[in-house]
1. Can you classify the range A:253-337 as rounded, prolate or oblate using the Cα gyration tensor, where a ≥ b ≥ c are the square roots of its eigenvalues, rounded means a/c under 1.5, and otherwise it's prolate if a/b beats b/c and oblate if not?
2. Looking only at other chains, what is the average number of their beta-carbon atoms within 10 angstrom of each beta-carbon in A:113-123?
3. Modelled label-to-label distance, residue A:266 and residue A:333, 7 Å Cα→beta-carbon offset: nm?
4. Taking H placed 1.01 Å from N in the peptide plane, check which residues at least 5 places from residue B:159 or on another chain put their amide H under 5 Å from its amide H.
5. To the nearest 100 Å², how much accessible surface do chains B and A hide from each other in total, with a 1.4 Å probe?
6. Around residue B:84, what is the net charge, scoring Lys/Arg as +1 and Asp/Glu as -1 over all other residues with Cβ under 13 Å from its Cβ?
7. Calculate the spin-label point distance for residue A:298 paired with residue A:276, positioning each point 7 Å from the Cα along the beta-carbon direction, and give it in nanometres.
8. Quote the charge dipole size of the protein assembly as shown about the Cα centre in Debye, to the nearest 20; the model charges only the Cβ of Lys and Arg (+1) and of Asp and Glu (-1).
Amino acid sequence: MNSKLKTKNSKLSRSPVAIEREKWLRFYRQMLKIRLFEEQVNQLYLGAKMPGLAHLYIGEEAIAVGVCEALRGDDYITSTHRGHGHCLAKGAAVERMFAELLGKAPGYCRGKGGSMHIADQETGNLGANAIVAGSAGIATGAAMSAKMRGSNQIAVCFFGEGALGQGLLYEVMNMASLWKLPTLFVCENNQYNEYTHYQETTAGDLKARPEAFGIETVSIDGQDVGVVYTTALRLVGQIRQGKGPAFLICDTYRFHGHHVGDINRTYYRSKHEEEEWKSKRDPLVLLVARLKAQKLANDKALAKIEEELRREIEAGVEFALNAPYPDAAEVDQHVYA
Amino acid sequence: MKAPTQKTPQVTSAGREITFGQAINEALAEEMRRDPTVFIIGEDVAEAGTPFKVLSGLVEEFGRGRVIDSPISEAGIAGLGVGAAMTGMRPVVDIMFGDFVTLTMDQMVNQAAKIHYMSGGKLKVPMVLRTTLGATRRSAAQHSQSLHAWLSHVPGLKVVVPSTPYDAKGLLKTAIRDDNPVVFFEDKMMYQLKGPVPESEYTIPFGVADIKRAGTDITIVATSSMVQVALRAAEVLSESGISAEVIDVRSTVPLDKQTIIESANKTGRAIVVDEGYERYGVTAEIASVIAEGAFYYLDAPVKRMGAMDVPVPFSPVLEDQTVPTPELNDWCFRLARQVPSLRGGTPGADRQIDAPDVVVQAYQRYSVSGLYCIDLERRLQRKVTDNDTLGGRRWDLKLLA
Ligand SMILES: Cc1ncc(C[n+]2csc(CCOP(=O)(O)OP(=O)(O)O)c2C)c(N)n1
């Protein structure tokens, strides 16, 4: 597999809008929360405490956080099989996430959904989805509903570049553009569809696809949370004004395997490539560098945040491990509303 | 469909055992060597050899021109398969999870299934769509379904549901040589199951059920993932003196009605077990075949056991309830005791059997899975025991590598 790694200039980009110090710290807290959460998920898998598999978001944190920080609390998101980051960024609670991952009763879906199906109505999360591009219709439909109801909400559809293979995406992009539906399509291009480089499955210019529908399309570095945030803020603003959908392409990389069990990866991507991304384009490392360079936070302040998060994560795992399984009788509840 | 005449070629050359996954791999390799028009297309089928590693090595032998990695475009690759099949090729389309056949439905149902008929017999669609079925991998509602009944409903498609490495190999070779669209379902949990497969070339015809175990008291008709479960159940029953006959239909279309009816006539009691949803499912079809064909010989109503009519839940405590497995023995015992025979004897009627205990014991015994067991052992660095519930439906450990 001939993956071409374009190592971008990792120089700190200048943000077009001034971001407050508090916001920068918020980015840090949210991104680190996702990182620590996912590390724990991996541990739960390795210790055979978590049923099934999980797809880790480590390496891609800046996208979920940068986009969700530009949203209103009542805006909608839809997510993917690699969804923990989106859920947390939109405000999900760590303990209920862990409980869901372990199939326990206090989980977000009472243990019925698991890793790939976490939904949380209170935070506008319409659900992760285990069908690639499966949520494209749902997000666009939610946007249509928001428009019909005049609620001024928008809907964000997160998906991996693999979803570009699915026809559904093109059908709904067409309608979103035709009817100016308030949808933000966020394509997280982590370079691989499972075990195949996206250049082997995706013809032509990726950007040209949404543009063909007249959708404003922006391609950015998904490892720089400042860039993701300011770009998302601008697009969300114009979408909310009724100018129609937008499409955001974020270049990124998943640092772990396709899922937790994907350990031997050299047949589809080199160790060298992984190291390049991890050492030069880790979104958290880049953020910390910026925080320090711009004197937004010192080591002590960052350590304090980390300490708090570690306690939160630890408590969450503890909570989930001790939580009861759902009652057996729940198996045939909720088939119909 | 005419009643089949040819019976199963028996496994003769004792010795070699390979896994279900290897059997699939061998069938594909042999057919690709034999016929240059055969090719494979699907997601991550080349170097990755699919997430289940079933196709490992094929791209090395046949190259990327015949083992083609596709975009994540199920509708598209099914459509390409139909068109290529109509024009001289024999595509084998790989749909990773059976749940994703829903994305291919127009191509399979409105196109592939109907083209031969609509063209007055002029065009034909010799393609195979390989996909998977089976729950208990803790993969939740969109990666666990067994949707073979959907395809079985549509005239023009053939549907194959093998249960052993031997059958898988022989049936897949037949599928590739068949001039019709064939949908081939593989149980994900069975890929590591080992069984005897001769070195020499063989094929198995469609529409010929296989009597996996002969018996006299009760007939268990099973498909795919449930055949091994039925065999274990039969073993447990035999310890209590009940003789169960296990029939593996092997293909739901064409269906070998004759073998099923003959067995039901003989035993007078039948259970049909299949992992698809019970409602409007494969069990319903087969139960009606028995009801129509063996009515005057039945001592008890035919019992159907399919997956619970709920989306497959994630939590192990919920998911395990949805597969027919744990209840099977219970029902065998109940039926065996029910209704004194109208035909003189009273099989089972006078037996004092404490069924529930045996049920629990039997279920634990089925509980040792291929894929997950190996994976769990790697993670835990110890042998898996019956207490490790994370792994899901499991076969007898002895069957594993
Ligand atoms: C319709 C469909 N086809 C195939 C799959 C199996 N599958 C799961 S994830 C995946 C790759 C997805 O790649 P991408 O969309 O880029 O997301 P990433 O995993 O890289 O985050 C595939 C093929 C699926 N879940 N749904």
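The values are calculated or read from the model by the stated rules, or taken from the named source; none is laboratory data. In this text the structure is predicted, and so the values were computed from the model without any measurement. For neighbour counting, all protein chains shown are included, and Cβ atoms are generated from backbone atoms with ideal geometry for every residue, glycine included. Note: areas computed on protein heavy atoms with side chains; ligands, DNA, RNA excluded. Shrake-Rupley method; radii C 1.70, N 1.55, O 1.52, S 1.80 Å.
1. oblate
2. Whole-number average of other-chain Cβ neighbours for A:113-123 is 3.
3. 5.1 nm
4. Amide H neighbours of residue B:159, under 5 Å, 5+ apart: B:183, B:252, B:253.
5. Interface between B and A: roughly 3300 Å².
6. Once all neighbours under 13 Å are counted, the net charge is +3.
7. 3.8 nm
8. Magnitude of the dipole: close to 1260 debye.
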